[in-house]
Amino acid sequence: MNRAPDVLILGAGIGGTALGALLAHQGLDVCILERNAFVGGRCASYRKEGFTIDVFVHMFGRCEKGPFGEILRRAGRPDAIRWWHASPESKPVFFMDEEPFPYPDPSFSSREEIGQVYRAFGLSDEDVRAFFRIWDAIDSMPYEKTFDLDETPYSHWLRQFTNHKTLLALEHQRVLLFSVVTSREASAGEMIRTIQNAQRDANVGYPKGGCSAIPEAFCAIVRECGGRVELERPVRRILVENGKAVGVALEDGTEIRARMVVSNMGIKETMLRFVGKEHLPSEYADRIASLSTGKLVEETPMGMIYLKIALDRPVIEAPLILRNVREGAFEGLMEVMQAMAEDKPPAGYKGINSFIPVPSNMDPDLAPPGRQLVNFYGLAPVASADWDAWVRYHLGYLFSLYPEVRDHLMWYDFSTLSRINKFSGRFQPDIIGIVQSVGQTGRKRPDPVTPVENLFLVGADVGRDNIGTELAAESALRVSELILKS
Ligand SMILES: Cc1cc2nc3c(=O)[nH]c(=O)nc-3n(C[C@H](O)[C@H](O)[C@H](O)COP(=O)(O)OP(=O)(O)OC[C@H]3O[C@@H](n4cnc5c(N)ncnc54)[C@H](O)[C@@H]3O)c2cc1C
């Protein structure tokens, strides 16, 4: 590279690539530096034997109605990502115990249908009314009022509505899926804002081309607008002179200068490793060090396994499958925790949070003609001496739901939690980033503006009111406004 760009973006995750597209479209000279040989960070895909496979299983909350749509509209390419959404012919399924039901979510079902499903789960009319009281309380809460609940755990807030175990287990599952924190840790204010967005848009979906179609679309915009995306360019240091970011030093010793630097490499890693405490006020450095990626990541042996299963013919009709249990969800989770600590799968299937997208039912081009791609996300330890045992445990459950999967299995790949750092470059194998827990949401959410002049942050760590990738995208919208204003 031989010219100093206006903006250097460090990392080609969702946050970095989305910001690149927004700024390049506004005429800024943008250069994205990515340490990996591919873009997308945690939202990356790979190709194998004609299949396009997400490294980590993803579904998307708001799609073209949320921050992704807003970014593409602002970047002048509203249709650059095409989305799958559920239709009457292709509806997600929810297994309650081993019994299949329509998936009770506003993206897929009307309020009446959701009520019917909840009754079929065994809830009484009063319990169903309690469920809709939660729904309505979330929907009708004024935005400003949600901030009063930022320091309240979501589980506490829920207690005013119900003590029903199944209902609580379903809410717990929703919070875990949205934010990868337990409802005891999650901030009620932030969850309410996030659920409000999700409920109002009711637009869960999946991008045609697999999850990496999103960062790839953003990178295509950067390039079309004259910007650059440079792969295998790992950053070693952010250069700070007189309190100002002036560029970066790469691992190979190259120095690149720029007017502005934006890091997508994680708030902790950026400020504590790539900038260094010596350039930061001590109070700020302490606050950054104290930010949490969630107790599940930091304090428990709980990890996950992501199976990507190739079948020689389509076996499953549904595009997406979820599972919960009527009784004993929390006890089951405790049992799995114990099993993870001992690195030995429990007897009987306890995977209350099994999450099974079938990507080739959402985009047939993700599998070769006549084949099927099934993804499976289940609980497993962070590290294991016997991954095969955990694979057998989860595959066995899938076989019990769909016996034909066993007969048509070609091969499977799997990823585990311990591989996430390879994709994110973070200190910890965290799923979302800095989690939306009490003490770090709302007015306490980490800010994209840093004490180092001309240095900003982008990515899920500094995003708000959304889920995972859409947190990162939301942050890109705000950071682009800050940069364009300055
Ligand atoms: C298993 C799993 C399942 C998930 N499921 C969902 C889901 O269903 N829905 C959803 O919306 N979200 C989901 N998420 C969360 C979502 O993927 C993340 O929140 C989001 O992708 C984070 O984006 P980001 O821009 O903050 O950063 P990242 O994806 O972490 O990207 C950071 C980028 O910076 C690069 N980088 C790091 N260090 C350097 C360096 N030194 N030099 C150059 N580049 C560097 C990395 O290589 C990476 O490309 C899931 C995540 C995981 C892991």
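Summary of computed values
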read-out: Selection from region 261-290 of residues that are within 22 Å of Ile483 (Cα to Cα) and assigned to a loop (DSSP other than H, G, I, E, B); value: Asn264, Met265, Gly266, Leu280
read-out: Test: Phe456 is aromatic (Phe, Trp, Tyr) and not assigned by TED's automatic domain parsing to the domain that holds Tyr284; value: no
read-out: Selected residue (only one of Asp461, Asp465 is in a loop (DSSP other than H, G, I, E, B), surrounded by 17 or more Cβ atoms within 10 Å (Cβ to Cβ) and within 16 Å of the ligand (Cβ to nearest atom)); value: Asp465
read-out: Lone qualifier among Ala188, Ala169 - being in contact with a helix residue (DSSP H, G or I) (Cβ under 6 Å, 6 or more places away or on another chain), within 20 Å of Ser354 (Cα to Cα) and more than 16 Å from the ligand (Cβ to nearest atom); value: Ala169
read-out: Unique match (being out of contact with any helix residue (DSSP H, G or I) (no Cβ under 6 Å at 6 or more places or on another chain), of a type outside the set (Ser, Thr, Tyr) and modelled with pLDDT of 95 or more) among Val315, Val336, Val358; value: Val358
read-out: Some residue of region 197-207 being in a helix (DSSP H, G or I), charged (D, E, K, R) and buried (at least 17 other Cβ atoms within 10 Å of the Cβ); value: yes
read-out: Residue identified as at pLDDT 95 or above, surrounded by 14 or more Cβ atoms within 10 Å (Cβ to Cβ), within 21 Å of Asn197 (Cα to Cα) and not charged (D, E, K, R) among Ile138, Ile114; value: Ile138
read-out: Residue match in region 167-180 (condition: out of contact with any Phe, Trp or Tyr (no Cβ under 9 Å at 6 or more places or on another chain) and among the aliphatic types (A, V, I, L, M)); value: yes
read-out: Candidate set from region 374-416 (those that are closer than 21 Å to Glu299 by Cα and part of a loop (DSSP other than H, G, I, E, B)); member that is farthest from the chain's Cα centre (by Cα); value: Ala385
read-out: Selection status of Thr17, closer than 30 Å to Arg174 by Cβ, more than 15 Å from the ligand (Cβ to nearest atom), surrounded by 19 or more Cβ atoms within 10 Å (Cβ to Cβ) and not hydrophobic (A, V, I, L, M, F, W, C); value: no
read-out: Residues satisfying the stated conditions in region 25-68, i.e. more than 6 Å from the ligand (Cβ to nearest atom), in contact with a helix residue (DSSP H, G or I) (Cβ under 9 Å, 6 or more places away or on another chain) and either at positive phi or free of Cβ contacts under 8 Å to residues at least 60 places away in the same chain (or both); value: Gly40, Cys63
read-out: Test: Pro92 is touching a residue at least 24 places away in the same chain (Cβ under 8 Å) and out of contact with any helix residue (DSSP H, G or I) (no Cβ under 8 Å at 6 or more places or on another chain); value: yes
read-out: Some residue of region 70-83 being closer than 29 Å to Gly332 by Cβ and charged (D, E, K, R); value: no
read-out: Those residues of region 88-105 which are over 23 Å from Ala329 (Cα atoms) and either in contact with a strand residue (DSSP E or B) (Cβ under 7 Å, 6 or more places away or on another chain) or assigned by TED's automatic domain parsing to the domain that holds Ser400 (or both), in sequence order; value: Lys91
read-out: Subset tally (residues that are assigned to a strand (DSSP E or B), buried (at least 16 other Cβ atoms within 10 Å of the Cβ) and either without any contact (Cβ under 8 Å) to a residue 60 or more places away in the chain or not aliphatic (A, V, I, L, M) (or both)) for region 237-260; value: 2
read-out: Asp363 being at positive phi, in contact (Cβ under 8 Å) with a residue 12 or more places away in the chain and of a type outside the set (Gly, Ala, Ser); value: no
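Here is a yes/no grid of residues against (1) at pLDDT 95 or above; (2) over 18 Å from Gly463 (Cβ atoms); (3) over 16 Å from the mean Cα position of the chain (by Cα); (4) of a type in the set (S, T, N, Q):
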| site | (1), (2), (3), (4) |
| --- | --- |
| Asn2 | no, yes, yes, yes |
| Gly16 | yes, no, no, no |
| Gly20 | yes, no, yes, no |
| Val30 | yes, yes, yes, no |
| Glu34 | yes, yes, yes, no |
| Ser45 | yes, yes, no, yes |
| Gly50 | yes, yes, yes, no |
| Phe56 | no, no, no, no |
| Pro67 | yes, no, no, no |
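The values are calculated or read from the model by the stated rules, or taken from the named source; none is laboratory data. What you are looking at is a predicted structure, and each value in this text was computed from that prediction instead of being measured. We place every Cβ from the backbone using ideal geometry, glycine too, and count neighbours over all the protein chains shown.
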